[in-house]
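I have placed the structure first, in the form of C-alpha cells, so that the comments after it can refer back to it.
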Amino acid sequence: MAILTASNLSKSYGVEPVLRRVTFSVEPEEKVALIGRNGSGKTTLLRLLAGLDEPDGGDVARVRWARVGYLEQIPAGPADVDVFSHALSGAADVQALEIRLRGLEARMASPDV
C-alpha cells in the first residue's frame with residue numbers, strides 16, 4: 001500500500017502551466033529523489049505534497065500516519081541556525097520524544113536502577 005499518492009496533479013501560475021497531470025506513488029521503504037532544472041516545478045510539487053498550496057486539479061493522498069514536511073529554500077529566521085536545527089523546529093513532537101529518550105537512557109545507565 002502506497003504511503004503517498006499524487007493523482008493527476010496540475011498547477012498553473014497565471015496562464016503558465018507548471019505541472020500537468022503528474023501521477024506517482026511512494027511505497028513504504030522506498031527512497032525518492034526529485035531532480036530537475038530551475039523552474040521545472042520541483043518546489044511547486046513539494047508544496048502541493050506538503051499541503052501548503054492547493055492544486056488546480058488532481059489529488060494528493062497519504063496514509064493517516066504519514067507526515068510531509070517542507071523546508072523553505074531560503075528559511076526565515078536567524079542566519080546562524082543550521083539546516084538540521086531549522087528542520088527540527090517543525091517537529092516539536094520529535095524533539096520531545098528525544099528529550100524523553102535521553103532521560104530514560106540516563107536512568108538505565110544509573111547503577112541505582
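For the range 33-61, which residues satisfy the criterion of being crowded, with 16+ Cβ neighbours inside 10 Å and in a loop (DSSP other than H, G, I, E, B)?
Hits for the range 33-61 are 41, 55.
Only one of these conditions is not met by residue 64: (1) in the same structural domain as residue 21 (by TED's automatic domain parsing); (2) surrounded by 10 or more Cβ atoms within 10 Å (Cβ to Cβ); (3) charged (D, E, K, R). Which number is it?
Of (1) in the same structural domain as residue 21 (by TED's automatic domain parsing); (2) surrounded by 10 or more Cβ atoms within 10 Å (Cβ to Cβ); (3) charged (D, E, K, R), only one is false for residue 64: (2).
Looking at 62, 100, can you tell me which residue is at pLDDT 85 or above and either hydrophobic (A, V, I, L, M, F, W, C) or farther than 23 Å from residue 42 by Cβ (or both)?
Being at pLDDT 85 or above and either hydrophobic (A, V, I, L, M, F, W, C) or farther than 23 Å from residue 42 by Cβ (or both) holds for just one of 62, 100, which is 100.
Name the pairs: first residue in the range 1-16 and in the same structural domain as residue 30 (by TED's automatic domain parsing) and over 13 Å from residue 55 (Cα atoms), second residue part of a strand (DSSP E or B) and acidic (Asp, Glu), Cβ to Cβ under 9 Å, at least 6 apart or on different chains?
Cβ pairs passing all conditions: 5/59.
For the range 63-81, check the following and say yes or no: at least one residue is of a type outside the set (Phe, Trp, Tyr), without any contact (Cβ under 8 Å) to a residue 12 or more places away in the chain and outside any loop (DSSP other than H, G, I, E, B).
Within the range 63-81 (the criterion being of a type outside the set (Phe, Trp, Tyr), without any contact (Cβ under 8 Å) to a residue 12 or more places away in the chain and outside any loop (DSSP other than H, G, I, E, B)), the answer is no, since none of the residues qualifies.
Looking at the range 81-92, is at least one residue over 14 Å from the mean Cα position of the chain (by Cα) and within 25 Å of residue 28 (Cα to Cα)?
Within the range 81-92, one or more residues are over 14 Å from the mean Cα position of the chain (by Cα) and within 25 Å of residue 28 (Cα to Cα).
Could you tell me whether residue 29 is under 24 Å from residue 6 (Cα atoms), out of contact with any Phe, Trp or Tyr (no Cβ under 6 Å at 6 or more places or on another chain), without any contact (Cβ under 8 Å) to a residue 60 or more places away in the chain and surrounded by fewer than 10 Cβ atoms within 10 Å (Cβ to Cβ)?
Working: under 24 Å from residue 6 (Cα atoms): yes; out of contact with any Phe, Trp or Tyr (no Cβ under 6 Å at 6 or more places or on another chain): yes; without any contact (Cβ under 8 Å) to a residue 60 or more places away in the chain: yes; surrounded by fewer than 10 Cβ atoms within 10 Å (Cβ to Cβ): yes.
Against the criterion (under 24 Å from residue 6 (Cα atoms), out of contact with any Phe, Trp or Tyr (no Cβ under 6 Å at 6 or more places or on another chain), without any contact (Cβ under 8 Å) to a residue 60 or more places away in the chain and surrounded by fewer than 10 Cβ atoms within 10 Å (Cβ to Cβ)), residue 29 qualifies.
Being closer than 28 Å to residue 2 by Cβ and not assigned by TED's automatic domain parsing to the domain that holds residue 4 narrows it down to one of 101, 52, 88, 45, so name that one. Spell out how you get there, then give the answer.
Numbers: 101 fails: closer than 28 Å to residue 2 by Cβ; 52 fails: not assigned by TED's automatic domain parsing to the domain that holds residue 4; 45 fails: not assigned by TED's automatic domain parsing to the domain that holds residue 4.
Step by step, each of 101, 52, 88, 45 is checked, and only 88 is closer than 28 Å to residue 2 by Cβ and not assigned by TED's automatic domain parsing to the domain that holds residue 4.
Can you tell me which residue among 9, 49 is in contact with a helix residue (DSSP H, G or I) (Cβ under 9 Å, 6 or more places away or on another chain) and of a type outside the set (Ser, Thr, Tyr)?
Going through 9, 49 in turn, just one is in contact with a helix residue (DSSP H, G or I) (Cβ under 9 Å, 6 or more places away or on another chain) and of a type outside the set (Ser, Thr, Tyr): 9.
The values are calculated or read from the model by the stated rules, or taken from the named source; none is laboratory data. All values reported here derive from a predicted model rather than from experimental measurement. Positions of Cβ are generated from backbone atoms using ideal geometry, with glycine treated the same way; all protein chains shown enter the neighbour counts.
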